[in-house]
Amino acid sequence: MKILIANPGSTSYKCKFYDAGNMSILFTATVERIGDKEGIYSYEFKGAEKVILKQEIPDYFFAVNLTLESLKKKFSIGEIAAVGFKTVHAKGVSGCVELTDHVLKAMEDYRLLAPVHTDVYVTAISVFKKLLPVTPLVGLFETHFHKNIPPEAYMYGIPFELYEKHGIRKYGFHGASHRFIGLRAKELFNADKVISCHLGGSSSVCAIKSGWSIDTSMGMSPQSGLLNAKRVGDLDPYALLYIMEKENLSVKETGDILMSKSGILGISGTSGDFRDIEESMLKGDKRSELAFKTFAYYVKRYIGEYMAILNGADCIVFTAGAGQNSPTLRKEIIADMDNLGILLDNKKNFSNPKEGLISADNSKVKVAVIPTNEEYIVAKEVVNFLENK
Ligand code: ADP
């Protein structure tokens, strides 16, 4: 069985074509700068040279069609058993499900909570419905991995009727990534209790016990928990009401601030990208340093929280863009945690391993860098869904 995993972004589209038998990748394609005259398209068949083309990519339909036309050079469309998506959030829907009109409507219902992600997925799914009308389209919702979080960890202190009526509670996101980290940490270090720190443009921390999440930093929406590049993270709800009243802002205007002008960008005033922040810090920019330190402090706080909830962890893992690539950030987070049995080996940390331990030999809790692989989890779940349908 072969399946296509589609990974849509706001101006990019990536896909991987898997042989489900041995989980090898037969074909990958990336389209960047969709909507731009100077689009970039690249694709690669297993064992062959990568092809890179520059051309205008007017829209999403064009982008997806381009990749399918390339795929057809070696495979037939009929060989695609299903297209899998790492879908984000839908009211009353979780798990791995076929993307029917009912599910799309449920995604629309929670659109306000994750507008950027949801819009991109809805667009991509509708393009696939047109291009591959008989191929099953399957979504693994990011909330699925957090399904075992206990009620006392997911409830908010609001009137119970609002929880029942609107589903106002913690759900958690980055499920595919945290799940992969849990599996890989078990495989590499036999770790059962894992604290997974997914630190990238969008960030979250997750407490994993025996392969499943028992708590995580993101809540009802992916805007909560840690600061994100441009998205707000945790904020006192009354601060929000105060801002709305004093600045005379509508729900939409407030949402725009929380979504695109907050987080690391909001504090630094210059960038939401850790590479820029670290560079500015070296030049003495105080606001960048404040953004960096605030972010690291939040991560440390969640690690402490999950050390308590897990009653001690076997392993702390750093993953995603900044988690995998920034030893400076990892050092700032893990500083002064030796009394909790967490000790970094500076040399190992700054050698920046692609995958491996960065903790000192006498650290009770292992600290590791592991590259995440979300598509692998989506592919596995989609295969499982098809086999049990
Ligand atoms: P996203 O979360 O946006 O899907 P990534 O997980 O790839 O994507 O994370 C991207 C972010 O990772 C970048 O915005 C940048 O802040 C950070 N990053 C990537 N490489 C480095 C690096 N070498 N040093 C510091 N931060 C990095």
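The values are calculated or read from the model by the stated rules, or taken from the named source; none is laboratory data. All of these numbers come straight from a predicted model, not from anything done at the bench. We place every Cβ from the backbone using ideal geometry, glycine too, and count neighbours over all the protein chains shown. When the accessible area is computed, the model is the full protein with side chains, heavy atoms only, and any ligands, DNA or RNA have been set aside. Shrake-Rupley method; radii C 1.70, N 1.55, O 1.52, S 1.80 Å.
Sort out which residues of region 1-11 are open to solvent by 30 Å² or more (accessible area, probe 1.4 Å) and either within 12 Å of Thr67 (Cβ to Cβ) or away from the ligand (no atom under 16 Å from the Cβ) (or both), and write them in order of number. Of everything in region 1-11, those that are open to solvent by 30 Å² or more (accessible area, probe 1.4 Å) and either within 12 Å of Thr67 (Cβ to Cβ) or away from the ligand (no atom under 16 Å from the Cβ) (or both) turn out to be Met1, Lys2, Asn7.
For region 174-279, please list each of the strands (runs of 3 or more DSSP E) lying entirely inside it that holds at least 1 residues being within 14 Å of the ligand (Cβ to nearest atom) and in contact with a helix residue (DSSP H, G or I) (Cβ under 8 Å, 6 or more places away or on another chain).
By residue number, 193-198, 204-209.
State whether one or more residues within region 114-122 are outside any helix (DSSP H, G or I), at pLDDT below 95 and either out of contact with any strand residue (DSSP E or B) (no Cβ under 8 Å at 6 or more places or on another chain) or of a type in the set (Phe, Trp, Tyr) (or both). Yes, region 114-122 contains at least one residue that is outside any helix (DSSP H, G or I), at pLDDT below 95 and either out of contact with any strand residue (DSSP E or B) (no Cβ under 8 Å at 6 or more places or on another chain) or of a type in the set (Phe, Trp, Tyr) (or both).
Listed by position, the strands (runs of 3 or more DSSP E) enclosed by region 17-110 that each have at least 3 residues that are surrounded by 16 or more Cβ atoms within 10 Å (Cβ to Cβ) and of a type in the set (Ser, Thr, Tyr) are 36-45. Close Cβ contacts (under 7 Å, 6 or more residues apart or on different chains) running from residues in region 304-327 that are under 20 Å from Gly211 (Cβ atoms) to residues that are polar (S, T, N, Q) and within 16 Å of the ligand (Cβ to nearest atom) comprise Val317/Ser196; Phe318/Gln324; Thr319/Ser177; Thr319/Ser196; Thr319/Thr372; Ala320/Ser177; Ala320/Thr372.
Could you tell me whether Tyr306 is among the aromatic types (Phe, Trp, Tyr), part of a helix (DSSP H, G or I), surrounded by fewer than 21 Cβ atoms within 10 Å (Cβ to Cβ) and within 25 Å of the chain's Cα centre (by Cα)? In short, no. Considering (1) closer than 17 Å to Val205 by Cα; (2) outside any loop (DSSP other than H, G, I, E, B); (3) touching a helix residue (DSSP H, G or I) at 6+ places or on another chain (Cβ under 6 Å), the lone condition that Thr372 does not fulfil carries the number (2). Among the residues of region 288-297, is any under 22 Å from the mean Cα position of the chain (by Cα), among the aromatic types (Phe, Trp, Tyr), farther than 14 Å from Val367 by Cβ and within 11 Å of the ligand (Cβ to nearest atom)? Yes; the residues of region 288-297 include at least one that is under 22 Å from the mean Cα position of the chain (by Cα), among the aromatic types (Phe, Trp, Tyr), farther than 14 Å from Val367 by Cβ and within 11 Å of the ligand (Cβ to nearest atom). Select from region 1-16 the residues that are closer than 16 Å to Phe385 by Cα and in a strand (DSSP E or B) and list them in ascending order. Matches in region 1-16: Lys2, Ile3, Leu4, Ile5.
Any idea which residue in region 329-372 is most open to solvent (accessible area, probe 1.4 Å), counting only those that are acidic (Asp, Glu) and farther than 23 Å from Ile277 by Cα? Walk me through it before giving the result.
Residues of region 329-372 that are acidic (Asp, Glu), as a first pass: 332, 336, 338, 345, 355, 361.
Now drop any that are not farther than 23 Å from Ile277 by Cα, which leaves 338, 345, 355, 361.
Details: Asp338: 91, Asp345: 42, Glu355: 71, Asp361: 143 Å².
Step by step, filter region 329-372, then rank; the result is Asp361.
Being over 22 Å from Tyr238 (Cα atoms) and either surrounded by fewer than 20 Cβ atoms within 10 Å (Cβ to Cβ) or of a type in the set (Lys, Arg) (or both) holds for only one residue in Pro115, Pro159, and it is Pro115. Checked against (1) free of Cβ contacts under 8 Å to residues at least 24 places away in the same chain; (2) within 21 Å of Ala322 (Cα to Cα), Thr216 passes all but a single condition, namely (1). If you go through region 147-160 one residue at a time, do you hit one that is hydrophobic (A, V, I, L, M, F, W, C) and closer than 29 Å to Ile277 by Cβ? Checked region 147-160: no residue is hydrophobic (A, V, I, L, M, F, W, C) and closer than 29 Å to Ile277 by Cβ.
Quick one: which residue in Thr216, Thr123 is over 30 Å from Lys72 (Cα atoms) and either out of contact with any Gly (no Cβ under 9 Å at 6 or more places or on another chain) or open to solvent by less than 20 Å² (accessible area, probe 1.4 Å) (or both)? So that I can check it myself, show each step before the final result.
Working: Thr123 fails: over 30 Å from Lys72 (Cα atoms).
The conditions single out Thr216.
For region 312-325, filtered to residues that are under 8 Å from Leu199 (Cβ atoms) and near the ligand (Cβ under 7 Å from one of its atoms), the residue that is surrounded by the fewest Cβ atoms within 10 Å (Cβ to Cβ) is Gly321. Any residue in region 194-210 that is touching a residue at least 12 places away in the same chain (Cβ under 8 Å), farther than 30 Å from Val365 by Cα and not basic (Lys, Arg)? Among the residues of region 194-210, not one is touching a residue at least 12 places away in the same chain (Cβ under 8 Å), farther than 30 Å from Val365 by Cα and not basic (Lys, Arg), which makes the answer no.
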